[in-house]
Amino acid sequence: MSGRSVPRIVRWMAQLCELCPVCRFARAHPGSLAARFVRVVGRTSCPFCRSYETLHGRPAHVRPDSPPRETGSHIAPPAADR
């Protein structure tokens, strides 16, 4: 969300996700059970994980040194006909 004004509540909730012990462990150990838990439950049920993804552009279980995801459609455009 760079360049746009982020509501204070979203920043606060994302900061709580940064301090969450489960999310911190998931970011440090991407292949762990905690990472799978955050991948499934964090996106659907946890408002803190959703705020983290909104603010940083990447899911809560992904390490901060990885590049942020592109926003928009995840479906690639069709290839040009030859």
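Throughout, read-outs are computed from the coordinates displayed, never taken from laboratory work. Keep in mind it's a predicted model, so treat the numbers as computed, not measured. Heads up, the Cβs are rebuilt from the backbone with ideal geometry, glycines too, and the neighbour counts pull from every protein chain shown.
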Net charge contributed by nearby residues that have their C-beta within less than 15 Å of Gly31 (K/R +1, D/E -1): +4
Extension gain, His29 back to Arg43 (0.36 nm per residue minus Cα-Cα distance, nm): 3.3 nm
Computed lengthening from Arg63 to Leu16, 0.36 nm per intervening residue step minus Cα-Cα distance: 15.3 nm
Average projection area in nm² (convex hull over Cα atoms of the stretch 8-52, one quarter of hull surface): 2.6 nm²
